[in-house]
Every structure is written in C-alpha cells, then in structure tokens.
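The values are calculated or read from the model by the stated rules, or taken from the named source; none is laboratory data. Keep in mind it's a predicted model, so treat the numbers as computed, not measured. All Cβ positions, even for glycine, are placed from backbone atoms using ideal geometry, and neighbour counts span all protein chains on display. All accessible areas refer to the heavy atoms of the entire protein, side chains included, with ligands and DNA or RNA removed. Shrake-Rupley method; radii C 1.70, N 1.55, O 1.52, S 1.80 Å.
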Amino acid sequence: MSASWQYHTGWPTTDINFSLVRLNNGSLISTWTYGPYNSQRAPANHRLDLRATRQYRFKHSTLRVFVDLFNAYDQQNVDGYDTTSASVVNGQLIVTKKPLKMFPILPSAGLSWEF
C-alpha cells in the first residue's frame with residue numbers, strides 16, 4: 001500500500017478584462033483584453049492518491065498488479081477557468097467566469113512485468 005498527498009499553491013492564470021463600447025449606431029458591444037500575463041493564480045489545491053500493489057515472483061520474472069485511486073477524497077480542485085464570457089443585458093455588462101475542475105475520484109488498474 002502507498003499514499004501520496006499533494007498540495008499546490010494554484011496554477012498561474014491570465015485575467016480577461018471586459019468593457020462596453022458604444023458603436024456609432026448607438027448599440028453596445030462587449031470587448032475584451034488580456035490582463036498581465038500569469039498575474040493571477042487559481043485557488044490552492046490538494047489531493048490524496050492511493051495505490052495497492054501485489055507482487056508475484058516467478059523463476060525469471062516478476063509481475064506487479066496494482067490499483068490506483070486518484071483524488072481519493074474527491075477534492076474539487078480548480079485547475080483554471082473556462083473562457084470567460086460577457087454579454088450585454090439591458091445596457092449592463094454581465095461577465096461569467098466558470099472554474100475548470102480537476103479530475104474527480106479516478107480509479108485505475110495496471111500491471112508491470114519485468115523479465
């Protein structure tokens with residue numbers, strides 16, 4: 001059995017700034033520009049990974065069979081943000097920024113055969 005706990009301060013991100021521009025015909029549109037490169041960070045994140053391995057020794061080889069559990073306690077870590085979108089509703093700018101989540105609990109299995 002083995003376990004690995006990881007903590008990360010959060011991945012760097014670049015903010016997107018939106019503003020309203022009035023066109024010559026009087027209509028409003030939203031425009032955007034990038035903020036300073038990697039000037040912000042996603043929230044800190046952590047996770048626990050678990051592994052169970054069984055080893056079989058043969059005369060001229062070794063077979064290892066394992067099962068993994070990535071993010072064992074299903075921590076909802078933010079990896080970044082989906083494309084921020086903006087729309088104009090009743091003359092006001094509405095901006096949405098959707099967080100992208102890392103993998104939830106992710107089981108896997110495999111084997112390694114050394115000969």
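Within the stretch 61-83, track down each residue that is in contact with a strand residue (DSSP E or B) (Cβ under 7 Å, 6 or more places away or on another chain) and within 26 Å of residue 94 (Cβ to Cβ). Selection gives 76, 78, 79, 80, 81, 82. Condition first: assigned to a loop (DSSP other than H, G, I, E, B), within 22 Å of the chain's Cα centre (by Cα) and closer than 23 Å to residue 88 by Cβ. Now tell me which residues in the stretch 2-60 satisfy that. Correct list: 15, 35. Scanning the stretch 63-98 for residues that are open to solvent by less than 70 Å² (accessible area, probe 1.4 Å), modelled with pLDDT under 90 and closer than 23 Å to residue 46 by Cα gives 80, 82. Regarding the stretch 12-23, can at least one residue be identified that is out of contact with any Leu (no Cβ under 7 Å at 6 or more places or on another chain) and aromatic (Phe, Trp, Tyr)? There is no residue in the stretch 12-23 that is out of contact with any Leu (no Cβ under 7 Å at 6 or more places or on another chain) and aromatic (Phe, Trp, Tyr).
The condition of being charged (D, E, K, R) and open to solvent by 60 Å² or more (accessible area, probe 1.4 Å) does not hold for residue 47. Kindly establish whether residue 112 is more than 24 Å from residue 1 (Cβ to Cβ), among the small types (Gly, Ala, Ser) and loosely packed, with under 13 Cβ neighbours inside 10 Å. No. Is it the case, given these coordinates, that residue 45 is more than 30 Å from residue 114 (Cβ to Cβ) and touching a strand residue (DSSP E or B) at 6+ places or on another chain (Cβ under 6 Å)? When the stated conditions are applied, residue 45 passes them. Filtered by the rule that a residue be aromatic (Phe, Trp, Tyr) and open to solvent by less than 50 Å² (accessible area, probe 1.4 Å), the stretch 10-29 gives a lone residue, 18. Checked against (1) open to solvent by less than 70 Å² (accessible area, probe 1.4 Å); (2) touching a residue at least 40 places away in the same chain (Cβ under 8 Å), residue 38 passes all but a single condition, namely (2).
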